[in-house]
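Visitor: Here it is, the structure, as structure tokens.
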Amino acid sequence: MNMIKTRIVRPSITFDELEPAIKDIITSGIYTNGKAVSTFTRQILKITKSKFCFPTTSATTALWTCLKILKITSGDEVLISDFSYPATANVVEDLGAKPVFVDVNLETFNMLPEDLLCKISSKTKAVIFVDALGNPSGLHEIKKICKKHNIVLIEDAACAIGSSEKNKMCGSISDLTCFSFHPRKIICAGEGGAITTNDKNFAKQLGLKLTHGLKKDKNGNVDFIDYGYNFRMSEMQAALASIQLKKLDKIIDKRSNILNIYKEYLLPLGFKNQKISNLVKFNVQSATFIVTKNISAKK
Ligand SMILES: Cc1ncc(COP(=O)(O)O)c(C=O)c1O
């Protein structure tokens, strides 16, 4: 049998679109913390309708930093969706805490509220809800439970830029939201991520942790008041993502049309597509179909 190799994803960008931005960076000589990162930050704030945004090197470092500012450590438990990419559990393990897996709904692939309730204990320090393949279905219900039990809700929205539930954008629903701009995502920065929050205190801590604890006063004097890391996005990465973010709605529309074509052909054969709640606007990060038992390979 001849193998047909198909690229799983192709970022929506051309060299012509990128060239002026690269020229700008090289001419200015500013490769970090410059215009491109500011523009990218403003775009994410506008898209997600959140109050604070911190561009990062990846969703993994974003998630890790969120756990770090919550002071998650050994003996703590973090409840996470049991359908995800390993990064979600890895960051918990790395801090010596225990990832406790919560079952997911087999149609939406998202965390089941009833299983979350069973897994909450006195050791629970945070919940990480994963927008499976970009789908935030059920997020508000999980938020309600976290609020009732006074548990911080982190959203692993690695795949979910541009998605929303109940007319609220991913990025402004949970206490802390982490996005990815890896090339497999609908917006590609080469590598990259972002954290959004509406909480002033979290924002203050994130700003410090992502920049080696550096604090600038009103007069521009700097001091290192805490320990921290450098998980910041560079100008080149921000410029790359920024150009695509301008076209986010068009990118999503195009992907929705393609998803509809897949549905038109696959549903009559018995495939079931990932269930997206009708309260959700889905960014179509992936077109995912369940192969049901009545499907034969010979069909
Ligand atoms: C659900 C989820 N979380 C986290 C990550 C990690 O993202 P990054 O590669 O930006 O660290 C991914 C990447 O595929 C993911 O799908």
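Read the figures in this text as sums done on the coordinates, not as results from a lab. Treat the numbers as computed from the prediction; the structure is a model and nothing was measured. Don't worry about glycine lacking a Cβ; one is built from the backbone with ideal geometry, like all the others, and counts go over all protein chains shown.
Visitor: Going by a ≥ b ≥ c, the root eigenvalues of the Cα gyration tensor, does the range 1-93 fall in the rounded group (a/c under 1.5), the prolate group (a/b larger than b/c) or the oblate group?
Guide: oblate
Visitor: Below 8 Å, C-alpha to C-alpha, sequence gap of six or more: please give me the relative contact order for the range 249-290 in percent.
Guide: Dividing the mean separation by the residue count of the range 249-290 yields 46 percent.
Visitor: Under a crude label model (7 Å from the Cα following the beta-carbon direction), how far is K215 from T73 in nanometres?
Guide: Distance between label points: 2.1 nm.
Visitor: How much net charge surrounds V102 when only the other residues with a Cβ under 10 Å from the Cβ of V102 are counted, with Lys and Arg +1 and Asp and Glu -1?
Guide: -3
Visitor: Could I ask something else about it? Can you tell me the dipole magnitude for the chain around its Cα centre, using point charges on the Cβ only (Lys, Arg +1; Asp, Glu -1), in Debye to the nearest 20?
Guide: Here the chain has a charge dipole of around 580 debye.
Visitor: Relative contact order, percent, of the chain when contacts are C-alpha pairs under 8 Å separated by at least 6 residues?
Guide: It comes to 22 percent, rounded to a whole number.
Visitor: Neighbour counts of other C-beta atoms within 10 Å: give me D131, D223 arranged from fewest to most.
Guide: D223, D131
Visitor: At each listed q (0.28 Å⁻¹), what is the log10 of I(q)/I(0) that the Debye formula gives for the range 249-290 modelled as equal alpha-carbon point scatterers?
Guide: Summing over Cα pairs of the range 249-290 leads to -1.06.
Visitor: Given contacts defined as C-alpha pairs under 8 Å and at least six residues apart, what's the relative contact order of the range 193-243, whole-number percent?
Guide: 29
Visitor: Here's a follow-up. With a cap of 12 neighbouring Cβ atoms within 10 Å, and only residues DSSP puts in a loop, list the chymotrypsin sites (Phe, Trp or Tyr not before Pro) found in the range 191-299.
Guide: Y227
Visitor: Also, quick follow-up: Just to be sure I understand the model, the point goes 7 Å from the Cα along the line to the Cβ. What's the resulting C118 to K5 distance in nm?
Guide: So the two model labels end up 4.5 nm from each other.
Visitor: For K204 and N230, calculate 0.36 nm times their separation in residues minus their Cα-Cα distance, and state this gained length in nm to one decimal.
Guide: Taking 0.36 nm per residue and subtracting the Cα distance, the gain is 7.8 nm.
Visitor: Another one. So what's the net charge close to N260: Lys and Arg +1, Asp and Glu -1, counting the other residues with Cβ under 13 Å from its Cβ?
Guide: +1
Visitor: Would you work out if the range 53-197 is rounded, prolate or oblate? Take a ≥ b ≥ c from the square roots of the eigenvalues of the alpha-carbon gyration tensor; rounded if a/c is under 1.5, else prolate when a/b is larger than b/c, oblate otherwise.
Guide: Oblate, since a/c reaches 1.5 and b/c is not below a/b.
Visitor: I would also like to ask the following. 5 Å is the cut-off here: which amide hydrogens, built 1.01 Å from N in the peptide plane, fall below it relative to G193, excluding neighbours closer than 5 in sequence?
Guide: T56, T57, S58, F181
Visitor: Label-point separation (nm) for Y262 and V291, each offset 7 Å from Cα along Cα-to-Cβ?
Guide: Placing both labels 7 Å beyond Cα along the Cβ direction yields 1.5 nm.
Visitor: Right, another one. Which shape class applies to the chain: rounded if a/c is under 1.5, otherwise prolate when a/b exceeds b/c and oblate if not, where a ≥ b ≥ c are the square roots of the Cα gyration tensor eigenvalues?
Guide: Taking the square roots of the gyration eigenvalues as a ≥ b ≥ c, the chain is oblate.
Visitor: Right, something else. Within the set of other residues whose C-beta is less than 15 Å from the C-beta of G34, count the net charge using Lys and Arg as +1 and Asp and Glu as -1.
Guide: In short, +2.
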